[in-house]
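All remarks here apply to the structure that follows.
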Amino acid sequence: MLESYSRSWTEINYSAIAHNVKEIQKLVGKTKIMGIVKANAYGHGDVECARVLADCGIDFFGVSSVDEALRLRQGGIRESILILGYTPPEHFHYLVEKQITQSLVSLEYAKKLSAYAQSVQSYIHCHCKVDTGMNRTGIVYQDQEKNMEAIFEEYRLPGLKVEGIFSHFPVSDDLGSESKAFTQHQIELFQEVCDRLQSEGLDPGLRHIQNSYGILNYQDLGMDYCRPGLLYMGVTSDDEIPIVSQPDFIPILSWYANISLVKWIHKGQTVSYGRHFTAIKDTKVATISVGYADGLHRIVSNQGLEVLVHGKRCPIIGNICMDQCMVDVTNVEDVQEGDIVVIVGQQGDQKVTIDEISRKSHSINNETLCAISSRVPRLRKRD
């Protein structure tokens, strides 16, 4: 991939990460931060973000898979790494060789890890996953079923060093009374597990349960770590979701594209596939070099999504194509080929946010950012 500030590209303000980390730390007190850099740091560049986070004093990173962990190790990251998801048995050797911590997705899985560790006369660092209500992975510990004996067994398996324990919130972003009660009960269940481990003479290890909204809405729970992802990138899943706290985050990603052609179309002419846009008057149209293969979802076509051209908001018209889309620039003077269009970011005194794209596509920023394709370079923000 050619890395250049042309066609379509993102610029990442890596220096703003330190500011965002400080804002998170204000919320969680003495709780340490585990930087979640899975999915290429939600599209922001995993190794680059991890390096900056390490410079901020962060000593633990979370990823989804062993290949993501290996990317960090190959990129020079020496801090602890937790794989939050599943590692296939054929890749267990990397956990030993690269000193990577594996989450225990089930007791049966933990037994496989234990058998492998014993077969190579070594050990594997692990964190116990407790399912307090997400019903995804981990040993179930909920009112209907409290599998405490299975948790005890995981901690006692030979070849495993269970050095931490964690759970996950499904509705910490919802401030409704039912969701708040559910999340609060998850916290109580998690603490109950930790207490029962200690009463059995077992050290629970590092405790962590807060995702990004768990940090924003429940703040200092006295845990050892919290797990922010989008927060250190300066955004939430949707800026219209109410939160308890008011942190001063700086979004670190901006997204740009070039104009490739400007032309006038006549009243009654249509634009793009499907002919879903018909000009109601003579219209000046700019074709810009970004499309759904770059991550600008086709579903936002004809939804009134706007971009910035010369600091003015201009709507995308017609269906977004694979590599291009069209914008109504009738009200903007002196537009020409090569001009920079802002898809996400600021130009002059106007700003367009990633949230606008997410809402038009009926999604969340987590998905929208991850969808920016690998052919779009992630470049450092220019001064």
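If we keep just the residues of region 211-234 that are charged (D, E, K, R) and closer than 24 Å to Gly176 by Cβ, which is most open to solvent (accessible area, probe 1.4 Å)?
Applying the first criterion (charged (D, E, K, R)) to region 211-234 yields 220, 224, 227.
So of that shortlist, the ones also closer than 24 Å to Gly176 by Cβ come out as 220, 227.
Numbers: Asp220: 88, Arg227: 17 Å².
It comes out as Asp220.
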Revision key, fill the gap. Of those in region 169-188 that are open to solvent by less than 60 Å² (accessible area, probe 1.4 Å) and in contact with a Gly (Cβ under 8 Å, 6 or more places away or on another chain), the residue nearest to Gln102 (Cα to Cα) is Phe169
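Among the candidates Ala54, Ala69, Ala41, Ala16, single out the residue that is of a type in the set (Gly, Ala, Ser) and within 14 Å of the chain's Cα centre (by Cα). Break it down stepwise before answering.
Numbers: Ala54 fails: within 14 Å of the chain's Cα centre (by Cα); Ala69 fails: within 14 Å of the chain's Cα centre (by Cα); Ala16 fails: within 14 Å of the chain's Cα centre (by Cα).
Just a single option satisfies the conditions, and that option is Ala41.
When you scan region 198-209, do you find a residue that is part of a helix (DSSP H, G or I) and within 25 Å of Ile81 (Cβ to Cβ), even just one? Even if it seems obvious, please write down each step before you answer.
Looking only at region 198-209, we keep the residues that are part of a helix (DSSP H, G or I), and these are 198-199.
Within this subset, residues satisfying the condition of being within 25 Å of Ile81 (Cβ to Cβ) are none.
Taking every residue of region 198-209 in turn, none turns out to be part of a helix (DSSP H, G or I) and within 25 Å of Ile81 (Cβ to Cβ).
Output yes when any residue across region 27-48 is under 30 Å from Asp323 (Cβ atoms), open to solvent by 50 Å² or more (accessible area, probe 1.4 Å), outside any loop (DSSP other than H, G, I, E, B) and out of contact with any Asp or Glu (no Cβ under 8 Å at 6 or more places or on another chain), and no when none is.
From region 27-48, those under 30 Å from Asp323 (Cβ atoms) are 37-48; that's our starting set.
After this cut, where a residue has to be open to solvent by 50 Å² or more (accessible area, probe 1.4 Å) as well, the list is 38, 40, 48.
Filter once more, keeping what is outside any loop (DSSP other than H, G, I, E, B): 38, 40, 48.
From what is left, the residues that are out of contact with any Asp or Glu (no Cβ under 8 Å at 6 or more places or on another chain) are 48.
There is at least one residue in region 27-48 that is under 30 Å from Asp323 (Cβ atoms), open to solvent by 50 Å² or more (accessible area, probe 1.4 Å), outside any loop (DSSP other than H, G, I, E, B) and out of contact with any Asp or Glu (no Cβ under 8 Å at 6 or more places or on another chain).
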Study note, to complete from the structure: Quick count over region 304-322, residues being closer than 17 Å to Ser8 by Cα, in contact with a Pro (Cβ under 9 Å, 6 or more places away or on another chain) and of a type outside the set (Asp, Glu), is 1
Review point. Conditions: (1) aliphatic (A, V, I, L, M); (2) assigned to a helix (DSSP H, G or I); (3) under 18 Å from the mean Cα position of the chain (by Cα). Ile250 meets all but one. Number of the miss?
Key: (2)
Practice item. Would you be able to say whether some residue in region 103-116 is in a strand (DSSP E or B), touching a Ser or Thr at 6+ places or on another chain (Cβ under 7 Å) and among the hydroxyl-bearing types (Ser, Thr, Tyr)? Key: no
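Restrict the check to region 137-151 and report whether at least one residue is touching a residue at least 60 places away in the same chain (Cβ under 8 Å) and either on the phi < 0 side of the Ramachandran plot or of a type outside the set (S, T, N, Q) (or both). Explain how you work it out, then say what you get.
Step one: filter region 137-151 for residues touching a residue at least 60 places away in the same chain (Cβ under 8 Å), giving none.
No, every residue in region 137-151 fails to be touching a residue at least 60 places away in the same chain (Cβ under 8 Å) and either on the phi < 0 side of the Ramachandran plot or of a type outside the set (S, T, N, Q) (or both).
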Review point. Has region 314-334 got at least one residue that is farther than 24 Å from Tyr5 by Cβ, within 29 Å of the chain's Cα centre (by Cα), of a type outside the set (Phe, Trp, Tyr) and not in a strand (DSSP E or B)?
Key: yes
Review point. Pick from Glu108, Glu97: which is open to solvent by 40 Å² or more (accessible area, probe 1.4 Å), closer than 30 Å to Lys146 by Cβ, charged (D, E, K, R) and at pLDDT 95 or above?
Key: Glu108
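Which residues, taken from region 88-131, are of a type in the set (Asp, Glu), under 26 Å from the mean Cα position of the chain (by Cα) and more than 19 Å from Leu197 (Cα to Cα)?
If we filter region 88-131 for residues that are of a type in the set (Asp, Glu), which is where we start, we get 90, 97, 108, 131.
Restricting the remaining residues to those that are under 26 Å from the mean Cα position of the chain (by Cα) gives 131.
Those that are of a type in the set (Asp, Glu), under 26 Å from the mean Cα position of the chain (by Cα) and more than 19 Å from Leu197 (Cα to Cα): none in region 88-131.
Pick out the one residue from Ser363, Ser374 that is under 19 Å from the mean Cα position of the chain (by Cα) and farther than 24 Å from Glu3 by Cα. Give the derivation first.
On the way: Ser374 fails: farther than 24 Å from Glu3 by Cα.
So the residue among Ser363, Ser374 that is under 19 Å from the mean Cα position of the chain (by Cα) and farther than 24 Å from Glu3 by Cα is Ser363.
The values are calculated or read from the model by the stated rules, or taken from the named source; none is laboratory data. From a predicted model like this one, the values you see are computed outputs, not experimental measurements. Backbone-built Cβ (ideal geometry, glycine too); neighbour counts: all protein chains shown. Please note that ligands, DNA and RNA were not included when accessible areas were found on the heavy atoms of the full protein model with its side chains. Shrake-Rupley method; radii C 1.70, N 1.55, O 1.52, S 1.80 Å.
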